[in-house]
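Some notes on the structure that comes next.
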C-alpha cells in the first residue's frame, strides 16, 4: 500500500495526511455561444470558471500516522465527509510551490467521496476517490 504523493487534508484545525496516487485539477469554463446565420457564431467569455479537484488513493483499515499527522482510516474519512458539510476543506500539496517548504493549496467543499474495499494477497485496504468543488488555487 504505497502512494506516490502525500496530501494534507485540513478540516477546521485538524490536519490529516492522505496517501494519494492521483491528484487531478479540472477547470471548467462556460463561454456563451450564439449562432449567427451565415457567419461564425459569436462567443462571449465572461471569465467564469468552475474548478474541481479529484484525489484518488489508499486508506488503511485503522488510523495510522506519518509521524506528524494522522493518516485517516476509511471510517474517519467517511465521518469527515458526512459531518463536515459546513466546514471549509483545504487540500494542500507540500513542496509544490517554490521551494521544499512551499505548498499548493485548494480550498472548497467535498462534493463526492467513494470507497472501494480492495483485498490484496497480504493486506486488506480501502481505495478512495474524493472530489472537492474548489475556489481558485490559493
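Kindly state which strands (runs of 3 or more DSSP E) lie completely within region 1-85 and contain at least 2 residues that are out of contact with any helix residue (DSSP H, G or I) (no Cβ under 7 Å at 6 or more places or on another chain) and touching a residue at least 24 places away in the same chain (Cβ under 8 Å).
Working: elements: 5-11, 14-29, 32-36, 39-44, 49-59.
Here the list reads 5-11, 14-29, 49-59.
Let me spell it out: the conditions are (1) surrounded by fewer than 18 Cβ atoms within 10 Å (Cβ to Cβ); (2) over 24 Å from residue 29 (Cα atoms); (3) under 16 Å from the mean Cα position of the chain (by Cα); (4) at pLDDT 90 or above, and residue 129 meets all of them except one. Which number is the exception?
So residue 129 meets the others, but not (2).
If you check residue 39 against the conditions, is it at pLDDT below 85, over 21 Å from residue 6 (Cα atoms) and exposed (fewer than 10 other Cβ atoms within 10 Å of the Cβ)?
Numbers: at pLDDT below 85: no; over 21 Å from residue 6 (Cα atoms): yes; exposed (fewer than 10 other Cβ atoms within 10 Å of the Cβ): yes.
No, not satisfied.
If I ask for residues that are crowded, with 17+ Cβ neighbours inside 10 Å and modelled with pLDDT under 90, which ones from region 20-32 would you list? Let's see the steps before the verdict.
Just the residues of region 20-32 that are crowded, with 17+ Cβ neighbours inside 10 Å, to begin with: 20, 23.
Within region 20-32, no residue meets the criteria.
The values are calculated or read from the model by the stated rules, or taken from the named source; none is laboratory data. The model shown is predicted, which means the values in this text are computed figures rather than measured ones. Every residue, glycine among them, receives a Cβ derived from its backbone with ideal geometry; neighbour counts consider all protein chains shown.
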